[in-house]
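A short write-up of the structure that comes next.
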Amino acid sequence: MSRCIVVSGPPCAGKSTLATALAARFRWPLFCKDLYKERVFRHLGGRDREWSRRVSLLAWDLLLCEAASTLAHGHDCVLEGNFRAPQAAVVTALAAVPGAHFAEVHCVAAPAVLIERYRRRALDGTRHPGHVDLEAAAELERELEAPDAPVLPRASVLVWDTTAGFEFAAVLDQLESVFAAGGVR
């Protein structure tokens, strides 16, 4: 039996922060889309928004292939990213594999808070310039106008609202309870 926690939601909702805490708490490998992108940017450099999109597709392909292999070998993992329809379809297929148990934490926050966090992150220099965050800001604002949905409608989904901050304890305890009760499909 393998277990997987999917951490989803829009940019700057706290996904990476939570996924890192979950991976540490459960001692599971973490597959994070932006970490894969950072590796590609370090080796091939950054260019423009179109290049960043192409690198994102590659990062998703690598992440999902590695996660599938990890789960197929009976190992647990945490998946993190802003899952769009193609990636969500792959994760949904992984969740259907016999013996795999999934739970999802869908991170949310008020759109104004997400935009402010995004702009701050774009300017703080912590991410590789290849992400072209400032160039993508207008696109992000348009995306936030549409409601964001969890990736796995049939799994146990916990919604974590980070508008007021990042308090992990309750989410971590809820996930431990989900898996202690035998997991989910």
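Any read-out appearing in this document is the output of simple, stated calculations on the displayed coordinates, not a laboratory observation. No experiment lies behind these values; they were computed from the predicted model shown. As a convention, Cβ positions derive from the backbone with ideal geometry for all residues, glycine included, and neighbour counts pool all protein chains shown.
Numbers at a glance
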quantity: Size of electric dipole in region 47-185: Cβ of Lys, Arg +1 and of Asp, Glu -1, about Cα centre, debye, nearest 20; calculated: 280 debye
quantity: Nearest-ten-degree value, helix 49-72 long axis tilted from longest Cα axis of the chain; calculated: 10 degrees
quantity: Simple spin-label estimate for Ala181 and Ala112 in nanometres, 7 Å along Cα-Cβ; calculated: 3.6 nm
quantity: Sites Ala169 and Asp48 - FRET efficiency at Förster radius 35 Å, r taken between beta-carbons, to 0.05; calculated: 0.25
quantity: Cleavage-rule hits, trypsin sites (Lys or Arg not before Pro), region 1-73, DSSP coil, Cβ neighbours within 10 Å at most 13; calculated: Arg27
quantity: Angle between the chain longest axis and helix 169-180 axis [Cα atoms, degrees, rounded to 10]; calculated: 40 degrees
quantity: Charge tally in the Cβ shell below 15 Å around Asp61, where Lys, Arg are +1 and Asp, Glu are -1, Asp61 excluded; calculated: +4
quantity: Cα-projected label distance for Ala149 with Ala137, points at 7 Å along beta-carbon direction, nm; calculated: 3.1 nm
quantity: Alpha-carbon centroid distance for the pair region 69-120 / region 3-46, whole angstrom; calculated: 10 Å
quantity: Counting DSSP beta bridges with both ends in the chain, the antiparallel % (nearest 5); calculated: 0 percent
quantity: Local electrostatic count at Ala85 - Lys and Arg +1, Asp and Glu -1, tallied over other residues with Cβ under 14 Å; calculated: -1
quantity: Helix axis angle, 33-44 relative to the chain longest principal axis, alpha carbon, degrees; calculated: 50 degrees
